[in-house]
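To start, the structure itself, in structure tokens.
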Amino acid sequence: MAILLALSVFFIFFQLLGIITRHGDYIKVPEVKGKNIEEAKKILESQGFEVQVQDSVYYDSIPKLSVVKQTPDPAEMVKIHRTVYLTVNRSQAPLVSVPNFVGQTYRSVQLQLNTLGLKIGDTTTRPDFAVGSVLEQQFNGKPIVPGTSIPMGSHIDLVIGGGIQKQEMAVPDLIGMTFGEAKVFLEGNNLLLGSVVTDGAIKDSSSAFVWKQNPPRRDEEGRSLRIRGGQLIDLWISTDRSKIDTIKTDLPDKPEQTNNDY
């Protein structure tokens, strides 16, 4: 009798096991990719699924807090009460530290920006002997210091070296200008500031005076020298105004020679 009772209990248990575990009861996973996380939860839970947010990523091309990925995949047949894991797009862009791109090639910077989740904004060229190299990096129209943190998906503007211009101009006379005035003048005429030699210790270089430059305005014979945009001009600066007064900055031009037939 004990054996028969035990066999009966086991038989009834295994008969009910399929009902308890809902063995063979499968359901199709609905697609919730692209839907808001709250809407996706309602859809899945209403059909008997458990929901768990597994990870978060950031894409600026899709709505915030929308489902990017789901596991199991849509239309897959699984048992009811199965947990569906979701990857959700972040509500705020994570911050990214901007590297120093100055001196690198455009192609190299492009690859790094893609890896960091940043984008290339406007690219402009400026006369410079470093052809194709990045001269300046900007964010929102202003130079950005390497190491600055900005939102992922932001645009970085680049200034690229465009080589030396073909058109020549007379070497400007910078002697007597303040260092600040000389820098503005050079930038406005697409000329580059080369080496800066100071006459002793100078606290405020912008107010110091230029007393020597290379190349000079004229050669030893008084002829005007020529320069092209993108080339360098070295400057010597001093706070001693008397240095300027002792330098001849306006030598007479050498008369131009003409060919005359006699």
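The values are calculated or read from the model by the stated rules, or taken from the named source; none is laboratory data. Bear in mind that the values here come from a model prediction, so they are computed numbers and not experimental data. No Cβ is skipped: glycine too gets one built from the backbone with ideal geometry, and neighbour counts run over all protein chains shown.
Taking every residue in region 172-191 that is over 13 Å from Ser206 (Cα atoms) and outside the structural domain of Arg126 (by TED's automatic domain parsing) and pairing it with any residue that is of a type in the set (Ser, Thr, Tyr) and in a loop (DSSP other than H, G, I, E, B), at least 6 positions away or on another chain, the pairs with Cβ-Cβ distances below 6 Å are Ile175/Thr249.
Please verify whether Ala40 is more than 27 Å from Ala93 (Cα to Cα) and either out of contact with any helix residue (DSSP H, G or I) (no Cβ under 7 Å at 6 or more places or on another chain) or surrounded by 13 or more Cβ atoms within 10 Å (Cβ to Cβ) (or both), treating the condition exactly as stated. Here the answer is no, as Ala40 does not meet what is asked.
With respect to the conditions (1) surrounded by fewer than 12 Cβ atoms within 10 Å (Cβ to Cβ); (2) closer than 27 Å to Ala130 by Cα, Leu191 falls short on a single one, namely (1). Checking each residue in region 194-223 for being of a type in the set (Lys, Arg), in a loop (DSSP other than H, G, I, E, B) and surrounded by 13 or more Cβ atoms within 10 Å (Cβ to Cβ) picks out Arg217, Arg223. All of (1) in contact with a Leu (Cβ under 8 Å, 6 or more places away or on another chain); (2) surrounded by 15 or more Cβ atoms within 10 Å (Cβ to Cβ) hold for Pro151 with one exception: (2). Scanning region 160-175 for residues that are farther than 11 Å from Trp236 by Cα and in a loop (DSSP other than H, G, I, E, B) yields Gly162, Ile164, Gln165, Lys166, Gln167, Val171, Pro172, Asp173.
Among the numbered conditions (1) at pLDDT 90 or above; (2) under 18 Å from Ile150 (Cα atoms), the only one that Asp60 does not meet is (1). Quick check: is even one residue across region 233-247 assigned to a loop (DSSP other than H, G, I, E, B), at pLDDT 85 or above and either closer than 30 Å to Val109 by Cα or assigned by TED's automatic domain parsing to the domain that holds Arg126 (or both)? No, because not a single residue in region 233-247 is assigned to a loop (DSSP other than H, G, I, E, B), at pLDDT 85 or above and either closer than 30 Å to Val109 by Cα or assigned by TED's automatic domain parsing to the domain that holds Arg126 (or both). Report whether or not Leu86 is surrounded by 15 or more Cβ atoms within 10 Å (Cβ to Cβ) and in contact with a helix residue (DSSP H, G or I) (Cβ under 7 Å, 6 or more places away or on another chain). In short, yes. Which one is surrounded by the most Cβ atoms within 10 Å (Cβ to Cβ) among residues in region 125-139 that are without any contact (Cβ under 8 Å) to a residue 40 or more places away in the chain and either over 30 Å from Gln92 (Cα atoms) or among the aliphatic types (A, V, I, L, M) (or both)? Of everything passing the filter in region 125-139, Val134 is surrounded by the most Cβ atoms within 10 Å (Cβ to Cβ).
Just to verify a result, which residue in region 1-52, among those that are more than 14 Å from His81 (Cα to Cα) and among the polar types (S, T, N, Q), is modelled with the highest pLDDT? Here the residue is Asn36.
The set of residues in region 81-129 being part of a helix (DSSP H, G or I) and either closer than 26 Å to Val57 by Cβ or among the aromatic types (Phe, Trp, Tyr) (or both) consists of Tyr106, Ser108, Val109, Gln110, Leu111, Gln112, Leu113, Asn114, Thr115, Leu116.
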